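Heads up: the structure comes next, in structure tokens.
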Amino acid sequence: MAIRRLTNSLLVLTLLFLCSCGKDDATTPGETYLEGTNWVPGRVKQLEEHIYLDEKYKVVYVVNYPAPDVGHSASEGHRAWFFNFDTHKVVDSTAAVDGVSTWHIMFNSIYNSQINADAATAEGRNGLGKIRVVKTAFDELSAAPADSMIRNSVPISFDINDIVDSWGYYQFNNHSLVPYKNRSLIFLLKDNRYVKVELVNLYKDNPATAPDYGDPNTKNLAPYFNFRYYVQATPGNLNVKTK
């Protein structure tokens, strides 16, 4: 009888332990996101409208920043959009073109899908200010490639199997932009600093699939800039680790 009581007691304790573990697992908080987003960590601090900073990893998030012509007809074209990595601010197009203000990344062409680096020197000659595509996810890419960089811009691919590396591709059948998975961009700035960038989406709120081109509201969903970046402050240092 004593053995039976001991066995029953051990069984009860085991069940209580399993139940408590299950309860703890169920209440363990997972990754949380910034309200209204599905890709920005909840721990970020807002710097200004559309701009957030993850102080833990020194990553800047640009979220749903409207392109200059959102809401206008496609016939008006997609005007160039300039941005400075250091100030986290958009640069006026006139000041950027005239060389009055420094910019590091520029989006233009269809849906602002082409990404450009500031490659021209003050004398108007080609210099530093290069860009390349790396087939590695943003947080998994810890170092910029050491070999020389030659590209000044990265246009959108026009086929999923396009030989030209890009951040994504354009589908003609429904006129949509599709980001590739596990792609990063490396910038080499004119002052020899490296910057790691991920263009997450050009659609508002980063939808899993592009909105239907036939939907009259589509023009109000693109282009909106959604990207994140990390600046290596030391010139020549290849380390771009963010995790």
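Looking at region 157-167, can you tell me whether even one residue there is buried (at least 19 other Cβ atoms within 10 Å of the Cβ), of a type in the set (S, T, Y) and either touching a helix residue (DSSP H, G or I) at 6+ places or on another chain (Cβ under 7 Å) or not in a loop (DSSP other than H, G, I, E, B) (or both)? Yes, that holds for at least one residue. When A233 is tested against the conditions (1) within 16 Å of the chain's Cα centre (by Cα); (2) assigned to a loop (DSSP other than H, G, I, E, B); (3) in contact (Cβ under 8 Å) with a residue 24 or more places away in the chain, the lone failure is (1). Listed by first and then second residue, the pairs with beta-carbon distance under 6 Å, at least 6 apart or on different chains, first residue in region 128-139 and farther than 13 Å from G168 by Cα, second part of a strand (DSSP E or B) and among the hydroxyl-bearing types (S, T, Y), are T136/S184; F138/S184. Hey, any hits in region 220-229 for a residue that's basic (K, R) and touching a residue at least 40 places away in the same chain (Cβ under 8 Å)? Yes, region 220-229 has at least one match. With the structure loaded, tell me whether N174 is modelled with pLDDT under 90 and either within 15 Å of V197 (Cβ to Cβ) or out of contact with any helix residue (DSSP H, G or I) (no Cβ under 6 Å at 6 or more places or on another chain) (or both) or whether it fails that test. Considered against the rule, which asks whether it is modelled with pLDDT under 90 and either within 15 Å of V197 (Cβ to Cβ) or out of contact with any helix residue (DSSP H, G or I) (no Cβ under 6 Å at 6 or more places or on another chain) (or both), N174 comes out as yes. When you scan region 203-219, do you find a residue that is within 17 Å of F107 (Cα to Cα) and within 15 Å of the chain's Cα centre (by Cα), even just one? Within region 203-219, one or more residues are within 17 Å of F107 (Cα to Cα) and within 15 Å of the chain's Cα centre (by Cα). Test D118 against the stated conditions and say whether it is of a type in the set (D, E, K, R), within 29 Å of V97 (Cα to Cα), out of contact with any helix residue (DSSP H, G or I) (no Cβ under 6 Å at 6 or more places or on another chain) and touching a residue at least 24 places away in the same chain (Cβ under 8 Å). Considered against the rule, which asks whether it is of a type in the set (D, E, K, R), within 29 Å of V97 (Cα to Cα), out of contact with any helix residue (DSSP H, G or I) (no Cβ under 6 Å at 6 or more places or on another chain) and touching a residue at least 24 places away in the same chain (Cβ under 8 Å), D118 comes out as yes. Flag: R132 does not match the condition of being touching a Pro at 6+ places or on another chain (Cβ under 9 Å), among the basic types (K, R) and either at pLDDT below 90 or part of a loop (DSSP other than H, G, I, E, B) (or both).
Residues that are buried (at least 16 other Cβ atoms within 10 Å of the Cβ) and over 13 Å from the mean Cα position of the chain (by Cα) within region 179-202 comprise F187, L188, L189, K190, R193, Y194, listed in sequence order. Determine if region 143-152 includes at least one residue that is farther than 25 Å from P223 by Cβ, at pLDDT 90 or above, of a type in the set (A, V, I, L, M, F, W, C) and outside any loop (DSSP other than H, G, I, E, B). Checked region 143-152: at least one residue is farther than 25 Å from P223 by Cβ, at pLDDT 90 or above, of a type in the set (A, V, I, L, M, F, W, C) and outside any loop (DSSP other than H, G, I, E, B).
The values are calculated or read from the model by the stated rules, or taken from the named source; none is laboratory data. Quick caveat: nothing in here was measured; it's all calculated off a predicted structure. Glycine gets a Cβ as well: all are built from the backbone with ideal geometry, and neighbour counts include every protein chain shown.
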